[in-house]
Amino acid sequence: MKNCLRTNILSDKVVPERPVTTPQVPPPATVIEEAKRLAAWTAVDKHVLPEHKIIGIGSGSTVPYVVERIVAQGPEVNEGRIFIPTGFQSKELIISSKLQLGDVDQYPTIDVTIDGADEVDGDLNCIKGGGACHLREKVLAEAADTWVIVADYRKNSQLLGTNWKQGVPVEVAPFAFAKVLLNLQRLGSEKAALRMGKAKAGPIVTDNGNFVIDAPFPEEQMKDPYTLLARVKMLTGVVEVGLFCHMAKAAYFGNQDGSVTAKWHDGKVEQIASDVPSQ
Ligand SMILES: O=C[C@H](O)[C@H](O)[C@H](O)COP(=O)(O)O
């Protein structure tokens, strides 16, 4: 047995690469996909600079375009960079793009993280977690010197909950879900419900082994997302809340007309005529 191990360790055999599960990003086929790509490419061009070496990659349908644009910066720029994922999807994107994978426990300070969102309000507060990734996303947002949101125009709103009706995603320890569900209902979310799998019997399970409750709150409570976040986070059994308040430096929204709206943390709003070629 010892000999066998030794032979393997010393052999010149080439280790086969693992199969890639993430396909190449196809060119955008719809106006919405085009808008996502515009937002992602603009944000990368403005915020992922050659001197940035530790880069957080978020989750969602806009993020493949972020990685595509980073790859286009070229192998010389990307050599020596480390990319930190917020979950399974972004980890696969990093691996299949042949970028160097790292984790936030090795690199707790990140130069810039770019992420998607379910809805963003006028103060850049966000609802996140439609894909159940918000725990890791918030860790990478907090770890980053600069946190930037990318999305299409449907996510750009004045009040959270206007377009995203599903509710605030709340990641919970599985054994505590029934108690937290009651807590959330008493807190004002009468329709709070455990998120169930689509092609799975039972609840969805996050990358961290937890459950997710979707908690829609009335407009009055959504007007003050920071207070709501603090109340929900205080419930024992809650692991993380999909409300991200006072965190983003900027949010980029791709529009139907091929322009990009950039909203900044200081309230400034910019319309950018994109030079990204449309299909
Ligand atoms: O948990 C998922 C993340 O917060 C996503 O960034 C968010 O749900 C947006 O995803 P999509 O771009 O697919 O709508």
**Request:** With N denoting the number of residues in the chain, provide Rg(C-alpha) divided by 2.2 N^0.38 Å, to two decimal places.
**Result:** 1.08
**Request:** Starting from the Cα of K191, draw a straight line to each of the lysines and keep only those under 16 Å, dropping any in the same chain fewer than 8 residues away.
**Result:** K165, K179
**Distance (nanometres) between label positions extended 7 Å along Cα→Cβ at A273 and T227** = 4.5 nm
**Request:** Rounded to the nearest 0.05, what FRET efficiency do N163 and R186 give with R0 = 30 Å and r taken as the Cβ-Cβ distance? Could you check?
**Result:** 0.70
**Complete:** Taking the dipole of segment 156-258 about the Cα centre (Lys, Arg +1; Asp, Glu -1; charges at Cβ), the one of A176, A199, F217 that reaches farthest to the positive side is A176
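Using a 1.4 angstrom probe, figure out how much accessible area segment 168-241 has per residue, in square angstrom, rounded to the nearest whole.
Dividing the accessible area of segment 168-241 by its residue count gives 53 Å².
About its Cα centre, what dipole magnitude does segment 142-223 give when the only charges are +1 on Lys and Arg Cβ and -1 on Asp and Glu Cβ, stated in debye to the nearest 20?
My answer is approximately 380 debye.
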**Asked** Given 0.36 nm per residue, what is the gain on full extension from D257 to V15 after removing their alpha carbon distance, in nm?
**Response** 82.3 nm
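Expected output is a single nm value to one decimal: the length gained when fully extending between E51 and E220, i.e. 0.36 nm times separation in residues minus the C-alpha distance. What is it? Walk me through the intermediate numbers first.
Values: separation 169, 0.36 × 169 = 60.84 nm, distance 4.35 nm.
Gain on extension, E51 to E220, equals 56.5 nm.
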**Request:** For K268, go through the lysines and keep the ones whose alpha-carbon is under 25 Å away, minus same-chain ones fewer than eight residues off.
**Result:** K36, K46, K128, K138, K155, K223, K249
**Fill in**
With all protein chains present, the chain has a carbon and sulfur share of its accessible area (1.4 Å probe) in percent of 56 percent
**Item:** Where GluC sites (Glu not before Pro) in DSSP loops with at most 16 other Cβ within 10 Å are excluded, longest remaining stretch of the chain
**Value:** 80-189
**Item:** Largest to smallest principal axis extent of the C-alpha atoms in segment 134-182, angstrom
**Value:** 36, 29, 14
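The values are calculated or read from the model by the stated rules, or taken from the named source; none is laboratory data. Values in this document were obtained by computation on a predicted structure and should not be read as measured data. Reconstructed Cβ throughout: ideal geometry from the backbone, glycine too, with neighbour counts over all protein chains shown. These accessible areas exclude ligands, DNA and RNA; they are computed on the full protein's heavy atoms, side chains included. Shrake-Rupley method; radii C 1.70, N 1.55, O 1.52, S 1.80 Å.
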